[in-house]
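Below is one structure, written out as structure tokens, with a few remarks after it.
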Amino acid sequence: MKKLFSKIRNNESGATAIEYGLIAALIAVVLISSLTTLGTNMGTRFNSIGSSVGSR
């Protein structure tokens with residue numbers, strides 16, 4: 001019984017999986033925020049170009 005409890009206590013595979021999950025979530029948040037900003041900037045730029053081309 002002691003061996004079983006020590007084996008469970010020393011098992012760190014669950015902690016590693018949680019760490020990888022947190023890293024993946026952080027990467028997803030950074031990607032979403034940067035792509036949202038990029039999309040907004042590109043939309044503004046295309047509208048400006050469209051207005052310039054349409055007025056000629």
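When S48, S13, S6 are checked against the criterion of being among the small types (G, A, S) and at pLDDT 80 or above, S48 stands alone in meeting it. The test for being assigned to a helix (DSSP H, G or I), open to solvent by 100 Å² or more (accessible area, probe 1.4 Å) and modelled with pLDDT of 95 or more does not hold for I27.
The values are calculated or read from the model by the stated rules, or taken from the named source; none is laboratory data. The structure presented is a predicted model; accordingly, all values stated were derived computationally and were not measured. What goes into the accessible areas is simple: the full protein's heavy atoms, side chains included, and nothing from ligands, DNA or RNA. Shrake-Rupley method; radii C 1.70, N 1.55, O 1.52, S 1.80 Å.
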